[in-house]
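Here is the structure we will look at, set down as structure tokens.
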Amino acid sequence: MDGNDAIHLSVVIVNYNTMQLLDSCLSSLKTHGSTCEMEVIVVDNHSTDGSVQLLEQKYSEVRTILNGENRGFARAANQGYACGRGPYCLILNPDVTILQGSIQTLWAYMES
């Protein structure tokens, strides 16, 4: 998901105690991502459900921002956006499942 080449798309996911949904979302991104270089940033709003451990153990390539409190969706999304290196930013909720080709179509549209 995150390479050494220039980043084309930053994907920001705000999480708060949605470990299973987050796992499904990240898995679908990994499986149905894009041919464009993208980075994934998860901003965790002080989850206590094992989300942080999931990120550390299964998705070590994901950039993670750990908040010491629940800062709310908008503030956390802005935190992720500010850290993004891509010219485009896709903000996802953790309950989103990425479908085959959807990220590629979005990126191609933005490039056109």
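Taking GluC sites (Glu not before Pro) in DSSP loop states with no more than 15 other Cβ atoms inside 10 Å as exposed sites, the chain has its longest site-free stretch at 1-60. Run the paramagnetic zone check for Q104: 7 angstrom along Cα to Cβ, then residues of the range 34-58 with backbone nitrogen under 12 Å. Output list for this probe position: 34-36.
Report, for the chain, the % of DSSP beta bridges that are antiparallel, rounded to 5. Of those bridges, close to 0 percent are antiparallel.
Couplings for the range 62-76, taken from phi via the Karplus curve 6.51 cos²θ - 1.76 cosθ + 1.60 with θ = phi - 60°, read 7, 6, 10, 10, 9, 8, x, 7, 7, 8, x, 5, 4, 5, 5 Hz in order; Gly and Pro are left as x.
The gain in end-to-end length when the K30 to V96 segment is fully stretched comes to 22.5 nm, 0.36 nm per residue minus the alpha carbon separation. The label point for N17 and the one for Y88, both projected 7 Å from the Cα toward the Cβ, are 3.5 nm apart. The charge dipole of the chain, taken about the Cα centre with unit charges on the Cβ atoms of Lys, Arg (+1) and Asp, Glu (-1), comes to about 160 debye, rounded to the nearest 20.
I'd like the carbon and sulfur percentage of the solvent accessible area for the chain, probe radius 1.4 Å, heavy atoms only, ligands and nucleic acids excluded. Reported share for carbon and sulfur atoms: 50 percent.
Values of log10 I(q)/I(0) for the chain across q = 0.12, 0.13, 0.20, 0.21 Å⁻¹ run -0.37, -0.43, -1.03, -1.14, by the Debye formula with one identical scatterer at each alpha carbon and no solvent. Highest average first, the peptides 91-100, 40-49 ordered by how many other beta carbon atoms sit within 10 Å of their residues are 40-49, 91-100.
Its relative contact order, with pairs defined as Cα atoms under 8 Å and 6+ residues apart, puts the range 1-89 at 43 percent. For V12, the residues whose amide H sits under 5 Å from its own are I41, L90, I91, L92, ignoring neighbours fewer than 5 places away on the same chain, with H placed 1.01 Å from N. In this structure the chain gives 54 Å² per residue of accessible area when probed at 1.4 Å with all protein chains present.
The values are calculated or read from the model by the stated rules, or taken from the named source; none is laboratory data. These numbers were taken from a predicted model, which means no experiment stands behind them. No Cβ is skipped: glycine too gets one built from the backbone with ideal geometry, and neighbour counts run over all protein chains shown. Calculation scope for accessible area: heavy atoms of the full protein, side chains included, ligands and nucleic acids excluded. Shrake-Rupley method; radii C 1.70, N 1.55, O 1.52, S 1.80 Å.
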